[in-house]
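The values are calculated or read from the model by the stated rules, or taken from the named source; none is laboratory data. Because the structure is a prediction, the values reported are computed rather than measured. Note that each Cβ is placed from the backbone with ideal geometry, even for glycine, and that neighbours are counted across all protein chains shown. Each accessible area value is taken on the protein alone, full model and side chains, heavy atoms only, with ligands, DNA and RNA left out. Shrake-Rupley method; radii C 1.70, N 1.55, O 1.52, S 1.80 Å.
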Amino acid sequence: MEQQLPMSLQVALYAGSVAMVVLATVLIALLFQFRRQIERVVRAVEELQAEVNPLVQEARIVMEGLRDLSGRVQGRWMEVERAMDTAKTWSQRVNHLVAGIGSMVQLPILAASLNVTFLRKGLETFVRVLFNPKSQYQQKAREL
């Protein structure tokens, strides 16, 4: 014997199968739309990658140049520091030498300068007295 399903159950099964078909159709349509959007995003990313890759290469080249330049500058700076240290050492040696020579020569030069000053004053006085003997004595007499 065949059993028949009640009418309400048949309607429910029919409605459920229609809902499944509609749901599957809507999901397929949404998935196609989602796929198109994903393809657009992929194209945009590929275009961006095509534009960014040369920039990345140029940035790498620039960074290598900067690294090389930095190394050369650092080498030159080390040379300058060595030259400054050498100049400082020589300057200290020269200062020490000048101080030593100055201490050996300074006293005789000061003594000679003092002797020349005394000699000049003495000669000045001698010449003044020699050419004007009366005027000096007359001034002294007047002062007294």
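Shape analysis of segment 1-142 places it in the prolate category; the axes a ≥ b ≥ c from the Cα gyration tensor give an a/c of at least 1.5, with a/b above b/c.
Out of the total accessible area of segment 1-77 (probe 1.4 Å, heavy atoms of protein only), what percent is carbon and sulfur? About 66 percent, which is the carbon plus sulfur part of the accessible surface.
I'd like the GluC sites (Glu not before Pro) in segment 1-53 restricted to DSSP loop residues with at most 13 other Cβ atoms within 10 Å, sorted by number. Spell out each step's value before the answer.
On the way: sites: 2, 39, 46, 47, 51; in loops: 2.
Answer in residue order: 2.
Label segment 26-78 by shape, choosing from rounded, prolate and oblate, from the square roots a ≥ b ≥ c of the eigenvalues of the Cα gyration tensor; if a/c is under 1.5 it is rounded, and otherwise prolate applies when a/b is larger than b/c, oblate when it is not. Prolate. Accessible surface for segment 23-84, divided over its residues, is 93 Å² per residue with a 1.4 Å probe. Rounded to the nearest Hz, the phi-derived 3J(HN,Hα) couplings of segment 127-132 under the Karplus curve 6.51 cos²θ - 1.76 cosθ + 1.60 (θ = phi - 60°) are 5, 5, 5, 5, 8, 10, where x marks glycine and proline.
Show that you can apply the helix-only estimate: for the chain, add -39,500 (n - 2.57) for every DSSP H stretch of four or more residues, divide by all residues, and state [θ] at 222 nm to the nearest 500. Provide the component values of the computation, followed by the final result.
Details: 2 runs with 136 residues, N = 144.
Only helices count here, giving -36000 deg cm²/dmol.
Here the 3J(HN,Hα) profile of segment 71-85, calculated from phi with Karplus coefficients 6.51, -1.76 and 1.60 at θ = phi - 60°, is x, 5, 5, 5, x, 4, 4, 5, 4, 4, 5, 5, 5, 5, 5 Hz, Gly and Pro shown as x.
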